[in-house]
Amino acid sequence: MRTPSRRLVAAVGTVAIAGAVPAAIVAGTGTASAAPTGAAKHVLLLSVDGLHQSDLAWYVKAHPHSALARLVHRGVDFTNASTTFPSDSFPGMIAQLTGANPGTAGVYYDDTYNRRYLAPGTTDCATAPRGTEIPWTEGIDRSQNPIALGAGQQLTAPALTALVTNSKQQTLDAKGALTSAILHMTGQPQSLLDPAALPVDPATCLPTYPHQYIRVNSVFDVAHSAGLRTAWSDKHPAYEILNGPSGNGIDDLFTPEINSVADSAGDDWSTDNALTEEYDSFKVAAILNEIDGRDHSGARKVGTPAIFGMNFQTVSTAQKLPTSDGLAGGYTSNGTPGPLLQRALGFVNGEVGAIVARIAKDGLTRSTTIILSAKHGQSPIDPAALRRVDDGAIIDALNAAWAKGHPSAKPLVSFSVNDDAMLLWLSNRSSTALSFAKNYLLTHSAPANRIGDAKGVDSTTVTRSGLTSIAVGTAADRLVGAPAGDPHAPDLIGIAQHGVVYTGGVKKIAEHGGAAADDRHVPLIVAGPGATAGRVVTTGVATTRIAPTILALLGLPAGKLDGVRLDGTRALPLR
C-alpha cells in the first residue's frame, strides 16, 4: 500500500538532483519518431511498480534463460529511461498512456489538493469556500469499513465474503476461488465510485469523476474513437482517469481494490508480499482472458484488444516492507535485491512467461508488441541511506511558527503529501507566506531513524527538514511544467535528500514520488513487431514516449494525443 504522509490541515529531464532546485524536472521530447507505423495489431503494456533498470539488469544476468531475459533480448532495451517527477503512480501511469508530463495533464499525485474545487457534498456552490482534497484513492470507493476487493460491487461469492474472517493462509489457499469470483467485477468501475466522496466542480456544482479532472486524452481515447477495442487492469477504481476526458476510452477496465481487507487481521493486499502476489495474479488472469479474445471475466467473446495491459504491485511491496513471509525486504548493502525482492522478481518473471506463452498459443506473437516499464522506482536502494522522518511533526512545527505571527490565521499548510518528496498546498499564497515556509523548512532540523531502529527510536538527525532544495510559487510551477498559478499544482515542492522517507512509523524502508535516480530510473523494453531484436539504446528517453509509440505501432496518428501536441512528445526509436 502506498500510504503517503498526507495531511489536510486547514478547515476546509534529469534523473539526479542535488543542490539548487533545477528549472524543471519534466520529460524530454526526444528526437524524431522512428517507430514503424502499423507494425502491430495489438500492444500489451506491462508496468511493474518499483522496478528499477538495475533490478531488471540484475535479474536477466542472474537468470539468462528466464522469460524476462528472453523479452529483453528479442526487443529494444532502453537502458536510460526516466519516469515523471513527481514519481508517483498516478502521474507515472498517466505519462505512459497520454504522453503528457504532470503539469500538462494536471495530475501530480494520486491524493492532492485543488484550490478551485469544492468539498464533497457541497450544494451551495456560489458561496462555499474554494479548496479541497482530490483523493483519487480507495477513499472514494463505494465500500468503506471495510473496503472490499470489489470496491462496493455486490459480489456475494463465498470466497469474497469470507475474506474478513479468513486467516492469511486461508486467503492464500483460496486463490482459485477468489480469482473466479473477482473476475465477475464490472469492467466499468466508474459505477463503483461514491459521488458523495468526490470533489465538486464549482462551474457545474456536480461531483467530479477522475476522468473529468485530467486535462489530456489517452491512447485509449484515440484507439476507441478509431473503433478499436481497449482494456486495462489496475489497483483502484479511480484509475478510470485513464479513460481520458471522454469517459469511455477503455472498453473493459478491471480494478480490484488493492487496499481492501484480505484477512481477519485487517491486512490489505499490499501489507504482505504473498498477498500482493495473489492480488497481482487476479489481474494476470484477466490479461490471459483478454489474450484469448474474451472480456476480462472470460464470459464474453469480444476479440483481443488493440491496447491492453496491467500493473504489477509485487515488486513494489517487496522493496518497501522491512520483512514479509519471513524474508527481508529491500536490498543488500551492495544494491543486490534481497531475498523477498528476489522472490518477487521471480514471481513477475513467471507471470510474464505465462502471458507470453498464451500469446504464442493463440497465434498472436507476430501481431503483438509487448512494452514493459514502470510507473516509478523506489528509494533508497542502499539500506544504509535510509532516514525515516516524521513529516507530521515538521508540518505541525511550521504551522505553529506561522501562527505565532498570525494568531488569527488558518493553519498555513492546507494539505501535504510527502513520501520521498514534499508537496505542500498553502492557505496563504502571498510571497511573504511562501518565503516563510521555504525559509522555515530549510533551517529546521528533524529527528530521524535508520533501518533497524524501533519505532520511537531516532538515532540520527536530518538538516533542512530532510530536503536539499525547495521551489515555491512560480518556481514550483516551472519545476513540474505547470501553467503559472495552476490550481491543481502544489505551492511548495521540496526535493528530498537521498534516502529520506517521510513517515511516522517504521513499516516501510523505501518510498517513491521523489526526484532521485532511485525513484525515476526505470526499465523500458519494447519487444515484438516493429522493434529490432537485441538493440540497446543508452541515450536518455522518457516514459511519456510510450504513448505515441503505442499509437504508431497500431498505425494510429500520434498527433491526436493532447500530450504529443502540447509537450512535443515523440515516439521511441525502435529501428
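The values are calculated or read from the model by the stated rules, or taken from the named source; none is laboratory data. It should be emphasised that the depicted structure is a prediction, and the values quoted were computed from it without experimental measurement. Heads up, the Cβs are rebuilt from the backbone with ideal geometry, glycines too, and the neighbour counts pull from every protein chain shown. What goes into the accessible areas is simple: the full protein's heavy atoms, side chains included, and nothing from ligands, DNA or RNA. Shrake-Rupley method; radii C 1.70, N 1.55, O 1.52, S 1.80 Å.
Convex hull volume of the Cα atoms of the chain, normalised per residue: 138 Å³. In summary, region 378-500 shows an alpha-carbon radius of gyration equal to 1.09 times the 2.2 N^0.38 Å reference for compact globular proteins. Could you please state, rounded to a whole Å, how far the C-alpha centre of region 354-381 is from the C-alpha centre of region 426-465? Taking the Cα centre of region 426-465 as reference, the centre of region 354-381 is 41 Å away. For region 130-275, taking the reciprocal of the average inverse distance between every pair of different Cα atoms yields a Kirkwood hydrodynamic radius of 16.2 Å.
With viscosity set to 0.890 mPa s at 25 °C, what whole-number translational diffusion coefficient in µm²/s follows for region 323-372 from Stokes-Einstein and a Kirkwood radius over Cα pairs? Rounded, D is 191 µm²/s.
Once you have a ≥ b ≥ c as the square roots of the Cα gyration tensor eigenvalues for region 471-553, tell me rounded if a/c is under 1.5, and otherwise prolate or oblate according to whether a/b is larger than b/c.
Note, shape of region 471-553 comes out oblate.
Secondary-structure-derived ellipticity at 222 nm for the chain, considering helices only, amounts to -8000 deg cm²/dmol, per-run term -39500 (n - 2.57) for DSSP H runs with n ≥ 4. Checking the a/c ratio against 1.5 first, then a/b against b/c, what shape does the Cα gyration tensor give for region 389-440? Judged from the Cα gyration tensor, region 389-440 comes out prolate (a/c at least 1.5, a/b above b/c). In plain terms, if you count all Cα to Cα distances in region 215-296 and split them into 10 Å steps from zero, the share in each step is 18, 39, 29, 12, 1 percent.
Between His65 and Arg565, the C-beta separation translates, for a Förster distance of 51 Å, into a calculated FRET efficiency of about 0.75.
Counting Cα-Cα pairs of region 321-454 in 5 Å increments starting at 0 gives whole-percent bin shares of 2, 8, 12, 14, 11, 10, 10, 9, 8, 7, 5, 3, 2, 1, 0. Put simply, the Cα atoms of region 236-395 extend 51, 34, 32 Å along their principal axes, the longest span coming first.
In this simple spin-label model, placing a label point 7 Å from the Cα along the Cα-to-Cβ direction at both Ala354 and Cys125 gives a separation of 4.5 nm. From the Cα gyration tensor of region 364-421, with a ≥ b ≥ c the square roots of its eigenvalues, which class applies: rounded if a/c is under 1.5, or else prolate if a/b is larger than b/c, or else oblate? Oblate shape, in that a/c is at least 1.5 and b/c is the bigger or equal ratio.
Full extension of the chain segment joining Ala299 with Gln170 gains 43.8 nm, where the gain is 0.36 nm per residue of separation less the Cα-Cα distance.
For region 398-470, the Cα-based Rg and Dmax, in that order, read 14.0, 43 Å.
In the frame of its principal axes, region 70-170 has Cα extents of 53, 49, 19 Å, reported largest first.
What accessible area per residue, rounded to a whole number of Å², is obtained for region 116-231 using a probe radius of 1.4 Å?
Spelled out: the 1.4 Å probe surface of region 116-231, per residue, equals 43 Å².
Ordering of 360-373, 453-466 by packing is 360-373, 453-466, highest average first (other Cβ atoms within 10 Å, averaged per residue). In region 252-341, one over the average inverse separation of all distinct C-alpha pairs is 14.6 Å, which is the Kirkwood hydrodynamic radius. Here the gap between Cys205 and Thr463, fully extended at 0.36 nm per residue and compared with their Cα-Cα distance, gives a gain of 88.4 nm.
A simple spin-label model places pseudo-atoms 7 Å from Cα toward Cβ; at Asn145 and Ala226 they are separated by 4.8 nm. Express the carbon and sulfur contribution to the solvent-accessible surface of region 425-475 as a percent, rounded to the nearest whole number, probe 1.4 angstrom. Carbon and sulfur together cover 51 percent of it.
Compared with the alpha-carbon gap, the fully stretched path from Ser367 to Ala475 is longer by 34.3 nm at 0.36 nm per residue.
Taken over the alpha carbons of region 533-575 as equal point scatterers, the Debye sum produces base-10 log I(q)/I(0) values at 0.22, 0.23, 0.31 Å⁻¹ of -0.72, -0.78, -1.13.
Measuring only protein heavy atoms, the 1.4 Å probe finds Val506 accessible over about 40 Å².
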